[in-house]
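Below is one structure, written out as structure tokens; the observations come after it.
Just so it is clear, none of the values below were taken in a lab; they were calculated from the coordinates. Because the structure is predicted, anything quoted here is derived from the model rather than measured. Ideal geometry is used to build each Cβ from the backbone, glycine not excepted, and the neighbour counts take in all protein chains shown.
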Amino acid sequence: MIKKSISCFFITALFLLTAVSCKGDEEITKTPVAEKYLTEARNIMKDCIVVNAKAMMGTVDKTLLPQGCPLKYYLTWKDERNLKMEIRAFSVGKMPLTITFAINLNFIQLNSWEKNEYQGEGWIKFQGEGGVTDYIGNPNTEYEGDSEHSGGGSVIGYLNVKTHEVEFITNFNVMNFSSDVYRQKIDPTRINRYDAEFAQYEKDLEKYKKEHGIL
């Protein structure tokens, strides 16, 4: 009976601690990000940035190369706290679609679990839902449909305003497609080298295909 009582006590205590933690995390994510962090975020994520991304169809990497491909994200601040993010005519590697995407993002604080993953000063979280995807099938691929439209896309990501590191996933809500931007530093000068970087990616991609017998 004593063992049973002790067991029940610990189960109840664990449940209460979990409930308190979840409620605490909910309050944290509702608390606005400090203005100084938002000011720095506005200086980092603006105009057009180029990052390396992997075009994923489920768990399959359609960009093929380990480093992914250079991808442009167009950024417009709607006001001091809300950011519009766009992708315009994105299609690389073995992607069966050309995708255009737009979504509104807001910035929130990290919860307790995320703080364990993203340690150090300067990390903030950004997310958005209800993004709009327009897409058209590419010729000679497994998908050759007409231009179509889909809602419900989403973005979840993390930015360090001190180190300028960023990491985020864009879910297009189309054929299980996503764009995965692994952790890297935002370099505002990359936009000036985008054409050269993308041309090099295409050369490296063709070489990779030949070496691996991919049509």
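Numbers at a glance
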quantity: Contour minus Cα-Cα distance for Leu215 and Ser150 (0.36 nm per residue); calculated: 20.4 nm
quantity: Inter-probe distance in nm under a simple model that places probes 7 Å from Cα toward Cβ, at Lys36 and Glu80; calculated: 1.6
quantity: Calculated FRET value between Tyr208 and Tyr182, using beta carbons and R₀ = 25 Å, to 0.05; calculated: 0.85
quantity: Radius, Kirkwood style, for the stretch 97-215 when every pair of distinct Cα atoms is counted (Å); calculated: 16.9
quantity: Among the listed pairs Lys54/Lys125; Lys78/Lys125; Lys62/Lys162; Lys54/Lys115, those beyond 22 Å (Cα-Cα); calculated: Lys62/Lys162; Lys54/Lys115
